[in-house]
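Asks: Questions regarding the structure given below will be posed in turn.
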Amino acid sequence: MKKFLTILLALTLVLSLAACGEPTGKRLGRNKTVILVTCEEGQASCPVCKEALAGLTAAEEEFGMAVQVLRPASEEDREGQLLAAAAESPDLVLAGCSVLAEAAVSAAKQYPEVSFAVLDAFLLEQSGGSSGNRSNLLGVTFAEFEGAYLAGVLAGFRGQAVTGFVGAEEDAFGKAQEAAFKAGLQSVKSDGTVLVSYAGFSADANEAAALIAAQKKFGAEVFFAASPYADGSICDFGVQKNYGAAVQLVIESALRGEFAGGTVSYGVKEDCVTYADFAGKADAAALERVSQCTEQIKAGTLVVPKGVN
């Protein structure tokens, strides 16, 4: 009997040490599942879905949960794949890009006990409004105006008399980026002119290029373009969104049981938003100022303005 108790105590000690040695993140994901549904283009052709998959892979490594990836065969199959994912009763169904938003709204209604998140889905609030009120459906958005502010700081260091700004929709999101870009530029260069145009979220990216060409005729030499037009072939600056980091944050909240529906906005503080410098002409002083602004935003000592101006 004494020998049996000794063996039992030794076994208990071994198991305890094994549990203590397991990383906290791995314990968080134990016996849990996350399913990513991409668009029909999949991670090979869709840059957002590609980054979403990278975020899922990083989360799998950190948390050790089970993962699946589903891809619709066509646009008509989007809801079917989301429903198939929900039928597995996972801890989270993640829609990899905003084109899946409408299908995710429908699937979330049919599976109210399953948590759904849609990446880059500010359009959820613009397509009926009710989708944002479901407790099991989360729209993951980005504080793009914070990245626009940082881009404005860099633009200010270029010292040009006239700067061009091309937004997408002239709505609250677009005007927030415009105001933030101007504020960043003016924090470095108080004088100068900013020419403002909006492409209207045209399906034709050439619209933004045409607007920039028109601004050049009025003397603009440095240009910022908002998503989806931020392209080094037509502009100097844009906003960069870290979709992979956002995916990891959403997955962690779901695994911790802290998932809540509605809308979440990730920005500079969460390392999900920054500037894009396509021209690559920023000098050491400009980069140092941007680094300082980034740290101030994270610390809360710099609040980026997003009012209309």
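Asks: Obtain the nm distance between the two label points defined at residue 110 and residue 301 by a simple spin-label model: each point lies 7 Å from its Cα along the Cα-to-C-beta direction.
Replies: About 5.3 nm, to one decimal.
Asks: Just add up the charged neighbours of residue 235: K/R +1, D/E -1, any other residue whose Cβ is under 15 Å from the Cβ of residue 235.
Replies: Net charge in that neighbourhood comes out at -4.
Asks: Rank 277, 231 by accessible area, highest first, at a 1.4 Å probe radius?
Replies: Largest accessible area first, the residues go 231, 277.
Asks: For the stretch 38-124, what is the accessible area per residue in Å², given a 1.4 Å probe and the full set of protein chains?
Replies: Value returned for the stretch 38-124: 43 Å² of accessible area per residue.
Asks: Using a probe radius of 1.4 Å on heavy atoms only, what accessible surface per residue do you get for the stretch 170-272? Whole Å² is fine.
Replies: Accessible surface, normalised per residue, equals 45 Å².
Asks: Report the dimensions of the stretch 256-309 along its three principal axes from the alpha-carbon atoms, largest first, rounded to Å.
Replies: Between the extreme Cα coordinates on each principal axis of the stretch 256-309 lie 44, 29, 22 Å.
Asks: So how far apart, in nm, are the two label points at residue 135 and residue 214 if each is 7 Å from Cα heading toward Cβ?
Replies: Once both label points are built, they end up 4.9 nm from each other.
Asks: Turning to a different aspect of this structure: With every protein chain present, what accessible area does residue 288 have (1.4 Å probe, heavy atoms only), rounded to the nearest 10 Å²?
Replies: About 100 Å², ignoring ligands and nucleic acids.
Asks: Roughly speaking, to the nearest percent, how much of the chain's 1.4 Å accessible area is carbon and sulfur?
Replies: 52
Asks: Sticking with this one: Heavy atoms of the protein only, probe of 1.4 Å, neighbouring chains included. What is the accessible area of residue 207 in Å², nearest 10?
Replies: The value for residue 207 is about 80 Å².
Asks: Which percentage, to the nearest 5, of the DSSP beta bridges contained in the chain is antiparallel?
Replies: 15
Asks: Sticking with this structure for a sec: Counting only other residues whose beta carbon sits under 10 Å from that of residue 43, what net charge do I get with K and R as +1, D and E as -1?
Replies: Surrounding charge for residue 43 is 0.
Asks: Also, I was wondering about something else. According to the square roots a ≥ b ≥ c of the eigenvalues of the Cα gyration tensor, what is the shape class of the stretch 195-242, taking rounded for a/c under 1.5, prolate for a/b larger than b/c otherwise, and oblate for the remainder?
Replies: oblate
Asks: Moving on. Please determine, in degrees from 0 to 90 and to the nearest 10, the orientation of helix 206-217 with respect to the longest principal axis defined by the Cα atoms of the chain, where the helix direction is its Cα long axis.
Replies: Long axis of 206-217 versus the principal axis of the chain: about 40 degrees.
Asks: Working from the pairwise distances between different alpha carbons, so that the mean of 1/r is found and then inverted, what is the stretch 23-179's Kirkwood radius in Å?
Replies: The Cα-based Kirkwood calculation yields 17.2 Å.
Asks: In nm, to one decimal, how far is the residue 263 label point from the residue 231 one, both placed 7 Å along Cα→Cβ?
Replies: About 2.7 nm, to one decimal.
Asks: When we measure straight from the Cα of residue 216, which lysines land under 29 angstrom away, once same-chain ones fewer than 8 places off are left out?
Replies: 175, 182, 189, 241, 281, 306
Asks: Which peptide among 154-165, 92-103, 59-70 comes first, and what is the full order, when sorted by highest mean count of other Cβ atoms within 10 Å?
Replies: Those peptides, ordered most packed to least, come out 92-103, 154-165, 59-70.
The values are calculated or read from the model by the stated rules, or taken from the named source; none is laboratory data. What you see is a predicted model; the values in this text were computed from it and never measured. Neighbour counts are summed over all protein chains in view; Cβ atoms, including those assigned to glycine, are modelled from backbone coordinates with ideal geometry. Quick note on the areas: whole protein, heavy atoms, side chains included, nothing else; ligands and nucleic acids left out. Shrake-Rupley method; radii C 1.70, N 1.55, O 1.52, S 1.80 Å.
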